[in-house]
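Here the structure is laid out as structure tokens; the discussion comes afterwards.
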Amino acid sequence: MTVRTEPITDASGRPIPVARTWHWGRWLAAAVALAVAARLAYLIVANPNLDWNKVAEYVFHERILSGVWVTIEISVLATALGLVLGVLVAIMRLAHNPVLSGLATFYIWFFRGTPVLVQLIFWYNLAFLFPELVLKIPFTMIGVKWDTNQVMTGFTSAMLGLGLNLAAYFAETVRAGIQAVDKGQTEAAYALGMTPAKRMRVIVLPQALRIIIPPTGNEFISMLKTTSLVYVVAGHDLMTNASQIYKANNLIMELLIVASLWYMLMTAVATFLQGRLERRFGSEAVRLVRGGGLAARILPKAAA
């Protein structure tokens, strides 16, 4: 909507000049902030103890690029694992079965209550508790087993630890999305004879996704930076490879700047994609409301 502003005129129709207000406090605050920022930037850029040539040399170093790729892999896989488990835990949390609801509540409490770093170290050292992982048919000797040390590598431990932790947070997001769906639509689904599973799959989840998916971008961006903790289990991610390089050549600050540049670049790309995702689902939400809603189109088909 365009707002037209008419000029202020006197009784004869001539425009009255309006004096511009100068906000001296704003200009002063801006000048001080710029001066402080410029000074800090100068102290870093012109620091004689910082070799920017080495920064440029290692930005596209083979091991750095390999670490970037591993960081993206861990972030994507852990986010996907967390989202799938989060949906299941959220459904259990909302179930009328007190056992399922209690287990889901305990899962959320446990993984949100313990630090991510502790969880990563725990999964990486799982062999101390279970030297072998066994999968077999109950009451038989038929099955397979694996050496835990070979299975729980740094990459596997990172993906599992981060994914299970993220699932606890996703569960609360999914639960909020499910509870945001109008109860009248679920009651209509019950009236049509839909089972709870079909109601959840056909009616509730498609609408809840409009609320669930945009925050997923925030969690993915956070996951990109959380992967820096993987260096404690030698997951060959960006931070792991950067730390191994600076331990060998003592270029600590240079390699930390290199890692920071790549993290900022990945965050910028993820933020851009998140914005596109939010606009997509925002416009979809408006279209569904104007079109009578998702259930209004599904329920007649189900009744037929």
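The values are calculated or read from the model by the stated rules, or taken from the named source; none is laboratory data. Just so it is clear, the model here is predicted, and its values are computed rather than measured. All Cβ positions, even for glycine, are placed from backbone atoms using ideal geometry, and neighbour counts span all protein chains on display. Side chains included, ligands, DNA and RNA excluded: accessible areas come from the protein's heavy atoms. Shrake-Rupley method; radii C 1.70, N 1.55, O 1.52, S 1.80 Å.
Relative to the globular-protein estimate of 2.2 N^0.38 Å, the Cα radius of gyration of the chain stands at 1.42. Highest GNM mean-square fluctuation among Ala104, Ala29, Ala189, for the chain modelled with Cα contacts below 10 Å: Ala29.
Using heavy atoms of the protein chains and a probe of 1.4 Å, the accessible area assigned to Tyr124 is about 90 Å².
When a/c reaches 1.5 or more, the comparison of a/b and b/c decides; with that in mind, is segment 90-157 rounded, prolate or oblate per its Cα gyration tensor? Oblate, since a/c reaches 1.5 and b/c is not below a/b. Projected over all directions and averaged, the alpha-carbon convex hull of segment 31-136 occupies 14.1 nm². Ligands, DNA and RNA left out, the 1.4 Å accessible surface of the chain is 67% carbon and sulfur atoms.
When the distances between all Cα atoms of segment 197-275 are binned every 10 Å from zero, what whole-number percent does each bin get? Percent of Cα pairs in each bin: 17, 33, 23, 15, 8, 3. Counting only heavy atoms of the protein chains and using a 1.4 Å probe, Trp22 has close to 130 Å² of accessible surface. Couplings 3J(HN,Hα) for segment 49-61, derived from phi with the Karplus relation 6.51 cos²θ - 1.76 cosθ + 1.60 (θ = phi - 60°), are 8, 10, 9, 6, 5, 5, 4, 5, 5, 9, 4, 10, 5 Hz, where x marks Gly and Pro. With 0.36 nm allotted per residue and the present C-alpha distance subtracted, the Tyr190-Thr140 stretch has 13.7 nm of extension available. How many Lys pairs in the chain lie less than 24 angstrom apart by Cα atoms, where the lysines are 8 or more positions apart or on different chains? Qualifying lysine pairs in the chain: 7. Sequence-distant contacts, meaning Cα pairs under 8 Å at least 6 residues apart, place the relative contact order of the chain at 23 percent. GNM, the chain, Cα, under 10 Å: largest mean-square fluctuation among Leu166, Leu129, Leu40? Evaluated over the chain, the most mobile residue of the options is Leu40. Please work out, to two decimal places, the log10 of the ratio I(q)/I(0) at q = 0.23 Å⁻¹ from a Debye calculation in which every Cα of segment 132-231 carries one identical scatterer. Taking Cα atoms of segment 132-231 as identical point scatterers yields -1.10.
Between Ala268 and Val118, the contour length at 0.36 nm per residue exceeds the alpha carbon distance by 51.1 nm. Each Lys and Arg Cβ is given +1 and each Asp and Glu Cβ -1; about its Cα centre, the chain then shows a dipole of about 1100 debye.
The mean accessible area for residues of the chain, using a 1.4 Å probe and ignoring ligands and nucleic acids, is 64 Å² per residue. With viscosity 1.306 mPa s and temperature 10 °C, the Kirkwood radius over alpha carbon pairs of segment 119-159 converts through Stokes-Einstein to a diffusion coefficient of 145 µm²/s. Counted without the sites themselves, the longest stretch of the chain free of trypsin sites (Lys or Arg not before Pro) in a DSSP loop having at most 12 other beta carbon atoms within 10 Å is 21-304.
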